[in-house]
Amino acid sequence: MTSARRKSYGVKGAPYAFLLPATILFALFFALPIGYAMWLSLHKVQVKGLGLGAGAREEVWAGLENYTDSLTDSQLLDGAVRVLGYGAIVVPVMLGLALLFALMLDTDRVRLAPVTRLAIFLPYAIPGVVAAMLWGFLYLPDVSPFYFVLDRLGMPQPDLLDGGPLYFALSNIAVWGGTGFNMIVIYTALQSIPAEVYEAAKLDGATPLQIAIRIKIPMVAPSLVLTFFFSIIATLQVFSEPTTLKPLTNSVSTTWSPLMKVYQDAFGKGDIHSAAATAVIIAIVTLVLSFGFLRAANSRNKQEAAQ
């Protein structure tokens with residue numbers, strides 16, 4: 001009886017034993033840093049006198065002071081506006097190209113489909129910093145082969161690292177690197193559609209374009225929602241591209257994006273408490289937008305299913 005009980009307890013405890021390593025890693029590398037960041041955001045350093053000697057700098061309770069300062073900081077608000085403009089270019093272009101490539105690769109007429117898929121996906125495997133450096137040199141007039149060709153042809157040579165074109169230069173890097181991943185997600189969803197659906201549509205006289213618009217795109221809508229969700233998060237957290245291009249142009253400030261401002265406050269100014277508050281605000285905004293979008297998408301799917 002005792003051995004049977006031990007065996008029963010061992011079977012019931014097996015799932016928790018498998019979950020334990022993941023739980024420990026989650027607590028150490030996710031939950032604990034978030035909790036520490038929130039704790040830092042509620043404190044500040046109080047300097048006494050000249051700030052010299054032992055006890056001259058003391059960490060005290062600040063409450064919501066750091067959050068108030070961050071929300072009223074014009075640099076953070078300007079950075080948020082710039083990121084919105086950046087995202088307005090990146091998200092629709094990247095998802096549009098990903099959907100177009102996935103639909104093209106899903107047709108019977110395409111040749112060398114595996115090679116084409118790899119070629120489109122390959123830029124995603126290149127780290128963001130490396131991709132930004134590659135494109136940064138291609139944007140520089142003195143070393144770019146594109147500018148050399150334009151000069152030989154007598155055509156105008158726009159400065160892509162200054163003013164309005166800077167948004168398109170940064171967006172191009174993100175689109176080039178992220179389209180392949182989103183294409184694979186959508187293409188995988190297309191491959192899961194039963195072939196009988198296409199055969200029935202062809203028997204009804206549907207053209208390939210009609211099949212793509214009326215059958216394929218609606219059936220991969222959940223994948224489009226997923227890729228849009230990932231794209232929003234990546235856009236709000238843009239950091240490596242403008243940071244890498246900053247030494248190449250004066251148009252990218254140290255606070256061009258909200259995450260760049262977090263880095264500048266923490267390591268440039270040494271105000272880690274204000275940086276933590278800004279980071280928490282960015283995380284909250286990201287969560288609200290993401291879950292709000294997912295809730296709206298789920299509500300729409302339920303309404304369509306009910307109809």
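The values are calculated or read from the model by the stated rules, or taken from the named source; none is laboratory data. It should be emphasised that the depicted structure is a prediction, and the values quoted were computed from it without experimental measurement. Using ideal geometry, Cβ is built from the backbone for each residue, glycine included, and neighbour counts are taken over all protein chains shown. The accessibility values were calculated without ligands, DNA or RNA, using every heavy atom of the protein model including side chains. Shrake-Rupley method; radii C 1.70, N 1.55, O 1.52, S 1.80 Å.
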* Put +1 on the Cβ of each Lys and Arg and -1 on the Cβ of each Asp and Glu in the chain; which of Thr255, Phe18, Val45 then has its Cα farthest toward the positive end of the dipole? -> Phe18
* Arrange the peptides 271-284, 183-196 so that the one whose residues have, on average, the most other Cβ atoms within 10 Å appears first. => 271-284, 183-196
* Once you have a ≥ b ≥ c as the square roots of the Cα gyration tensor eigenvalues for the chain, tell me rounded if a/c is under 1.5, and otherwise prolate or oblate according to whether a/b is larger than b/c. => oblate
* **Between the range 217-289 and the range 126-160, the Cα center-to-center distance that results, in Å** => 25
* Residue-normalised accessible area of the range 127-247, expressed per residue, 1.4 Å probe, Å² -> 55
* Taking a ≥ b ≥ c as the square roots of the eigenvalues of the Cα gyration tensor of the range 49-199, is the shape rounded (a/c under 1.5), prolate (a/b larger than b/c) or oblate? -> oblate
* Apportionment of accessible area to carbon and sulfur, the chain, percent (1.4 Å) -> 68
* Eight or more residues apart or on different chains, and alpha-carbon atoms under 19 Å: count the Lys pairs in the chain matching that. => 7
* To do: For every other residue with a beta carbon closer than 15 angstrom to the beta carbon of Phe168, add +1 if it is Lys or Arg and -1 if Asp or Glu, then tell me the sum.
  => -2
* How would you rank 232-239, 102-109, 254-261, 16-23, highest first, on the average number of other Cβ atoms within 10 Å across their residues? -> 254-261, 232-239, 102-109, 16-23
